[in-house]
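Single-structure report; data block below.
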Amino acid sequence: MTIPVDQLSDPAVRAFVAALNANDQTALFEALTPDATMSDDGSERDLREWLDREVFGSRGHMDVVSESDGGRGLVADYRNDTWGSMRTKWLFTVDGGKISRFETGQA
């Protein structure tokens, strides 16, 4: 059973997941602070390059399985055309209503 995106607890995380699932680059970057950072499986990544490769260029999609930490921690089944489907964890830092950092990796 998954959590519908519109029922995710944190508004900034909800906006991020909705934009990612819609493959909406404009909305996704609006959900992020201008200096947002990220890591994937513990390695720092260039956020724009990672999003282009793992989300926009490969039709990434998240089905949220659970949330924690007020909605800023997610476990999700993530899939894209490159890697297929995998269970992932996501941790978000929110500043001023926007995501300033996210960390993701296999759960």
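Per residue, how much accessible area does the chain show when a 1.4 Å probe rolls over the protein heavy atoms, in square angstrom? Let's see the in-between values first.
Values: 5690 Å² over 107 residues.
Accessible area per residue: 53 Å².
Of all accessible surface on the chain at a 1.4 Å probe, what whole percent is carbon and sulfur? Provide the component values of the computation, followed by the final result.
Working: 2630 of 5690 Å².
Answer for the chain is 46 percent, counting heavy atoms of protein chains only.
How much net charge surrounds Val65 when only the other residues with a Cβ under 9 Å from the Cβ of Val65 are counted, with Lys and Arg +1 and Asp and Glu -1? Before the final figure, lay out each step's value.
Details: positive: Arg87; negative: Asp63, Glu67, Asp77.
Here the charged neighbours net out to -2.
When Lys and Arg each count +1 and Asp and Glu each count -1, what net charge do the other residues less than 12 Å away from Leu74, Cβ to Cβ, add up to? Don't skip to the answer; put the middle values down first.
Values: positive: Arg14, Arg72, Arg87, Lys89; negative: Asp10, Asp63, Glu67, Asp69, Asp77, Glu103.
Result for the local shell: -2.
If you scale each eigenvalue of the Cα gyration tensor by 5 and take the root, what three semi-axes come out for the chain, rounded to whole angstrom and sorted largest first?
On the way: eigenvalues 58, 56, 37 Å².
So the equivalent ellipsoid measures 17, 17, 14 Å along its semi-axes.
The values are calculated or read from the model by the stated rules, or taken from the named source; none is laboratory data. It should be emphasised that the depicted structure is a prediction, and the values quoted were computed from it without experimental measurement. Methodologically, a virtual Cβ is constructed for each residue, glycine included, from the backbone with ideal geometry; neighbour enumeration extends over all protein chains shown. Ligands, DNA and RNA are stripped out before the accessible areas are found, and what is left, the full protein with its side chains, is counted by its heavy atoms. Shrake-Rupley method; radii C 1.70, N 1.55, O 1.52, S 1.80 Å.
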